[in-house]
Amino acid sequence: MNRRNLLIRAAGLAAVAGGAWWARDNLIWPKPDLSFADGHATPWSPYARRANVPTIQARIEGRDVIALIDTGAQYSVVDRGFVATLAPRERSLFDMPLLAYGVGGGSQVGRGTTLDLDLPGLRIGGLRAAILDLGPLAAVEGLATPLILGRDVLEQVVLALDADRRHVRLIVPDAFVPPEDLIEAEVVRDGNALVAEVTVEGNTLNAVVDTGSSSLLAVSRGSAAGVGLLDGRPSESGVSLVLGGSMRADTVEARTVTFAEQLYRRVRVGVFEQPALPNFPDGLVGMEAFEGRRAALDLGAGRLLISRQLDLTIG
């Protein structure tokens, strides 16, 4: 798989990343309990997978598992096949039907479960997770991450990323001291998501900051038309991983994209189909935007701190 195809496919992590929107009006989803071994932070941990999205080792009921740390997922998700390998679970009030939607309009009906898990330096108890078929995201030949840690966990911590070293750390918000070289990026908190203003060839759109997506930018077809990307310029068709499977996806090249005071040139932008749902994101800013930069994401406070690159023009 060449790099271009990897980015197209990995952008499909947005299926759960930018997706995972639930029929939540009839669902109570309490926060999990987080207990840090040293009281304030995990150690820096290397990514557990070679992909540029942050992944971390975890342990559930004696089973080792890799978790994707995903600021684009509204709630945490566990793969149906992995759950089947665990001890039989007691039914509870939370074990009820759930409806999940992903990028591309795909949907799944699942149910909920409660998990206790251990990460390096952190125990998470009472994690409510949706049981869904993650397909290639959980498969050995795919990303092999049967657990997705979503914003229900991440809004309780500061997520620190060192993209060059491919390391990740979780920090208690009250204990976080911003490094001097990180600047405040302009973002707003929409629900429990971070939304940034991105410019594409001088036109603006709002995009969810999505650590579960590999590509720099992916946008809905409507947004792509709105910022002039569907003006007849050449496009390529590829395959993206989506919720439980794969779909055809288009990519076009944007001459310029600006995010967090950084200008990128000749950016390949994925174009996805947007479900007819309220609050579904128009765009997703993924991990390629963090290359050569360090960042701290505080979802609870609605803040993004990020370092500048030495060369302010890329591409």
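State which residue pairs qualify: first residue in contact (Cβ under 8 Å) with a residue 24 or more places away in the chain and at positive phi and inside segment 184-208, second residue basic (Lys, Arg) and in a strand (DSSP E or B) in any location, beta carbons under 8 Å apart, and separation of 6 or more residues or different chains. As it stands, the answer is Glu201/Arg255, since those pairs meet every condition given.
Only one entry in Ala139, Ala129 is part of a strand (DSSP E or B) and of a type in the set (A, V, I, L, M), namely Ala129. For a quick check of your reading of the model, give me the residue pairs whose first member lies in segment 301-315 and is farther than 12 Å from Arg265 by Cα and modelled with pLDDT of 50 or more, whose second is assigned to a loop (DSSP other than H, G, I, E, B) and open to solvent by 50 Å² or more (accessible area, probe 1.4 Å), with beta-carbon atoms closer than 6 Å and at least 6 apart or on different chains. Here the result reads Leu305/Pro178; Ser307/Asp181, each pair linking segment 301-315 to a residue that is assigned to a loop (DSSP other than H, G, I, E, B) and open to solvent by 50 Å² or more (accessible area, probe 1.4 Å). Of the listed requirements (1) part of a loop (DSSP other than H, G, I, E, B); (2) open to solvent by less than 40 Å² (accessible area, probe 1.4 Å); (3) at pLDDT below 95, Ala48 misses just one: (3).
Conditions tested, residue by residue: (1) surrounded by 22 or more Cβ atoms within 10 Å (Cβ to Cβ); (2) modelled with pLDDT under 90; (3) over 29 Å from Ser35 (Cα atoms).
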{"residue": "Gly121", "(1), (2), (3)": "no, no, no"}
{"residue": "Ala129", "(1), (2), (3)": "yes, no, no"}
{"residue": "Asp164", "(1), (2), (3)": "no, no, no"}
{"residue": "Pro178", "(1), (2), (3)": "no, no, no"}
{"residue": "Ala196", "(1), (2), (3)": "no, no, yes"}
{"residue": "Asn206", "(1), (2), (3)": "no, no, yes"}
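Here's the yes/no breakdown for (1) touching a helix residue (DSSP H, G or I) at 6+ places or on another chain (Cβ under 9 Å); (2) in a helix (DSSP H, G or I); (3) on the phi > 0 side of the Ramachandran plot:
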{"position": "Arg59", "(1), (2), (3)": "no, no, no"}
{"position": "Val65", "(1), (2), (3)": "yes, no, no"}
{"position": "Ala73", "(1), (2), (3)": "yes, no, no"}
{"position": "Phe82", "(1), (2), (3)": "no, yes, no"}
{"position": "Leu86", "(1), (2), (3)": "no, no, no"}
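Evaluation of Pro54 against the conditions (1) surrounded by 14 or more Cβ atoms within 10 Å (Cβ to Cβ); (2) more than 15 Å from the chain's Cα centre (by Cα); (3) modelled with pLDDT of 95 or more shows that the sole unmet condition is (2).
The values are calculated or read from the model by the stated rules, or taken from the named source; none is laboratory data. What you see is a predicted model; the values in this text were computed from it and never measured. Counting neighbours? That spans all protein chains shown, and the Cβs are built from the backbone with ideal geometry, glycine included. Surface accessibility is based on the protein's heavy atoms, side chains included, excluding ligands, DNA and RNA. Shrake-Rupley method; radii C 1.70, N 1.55, O 1.52, S 1.80 Å.
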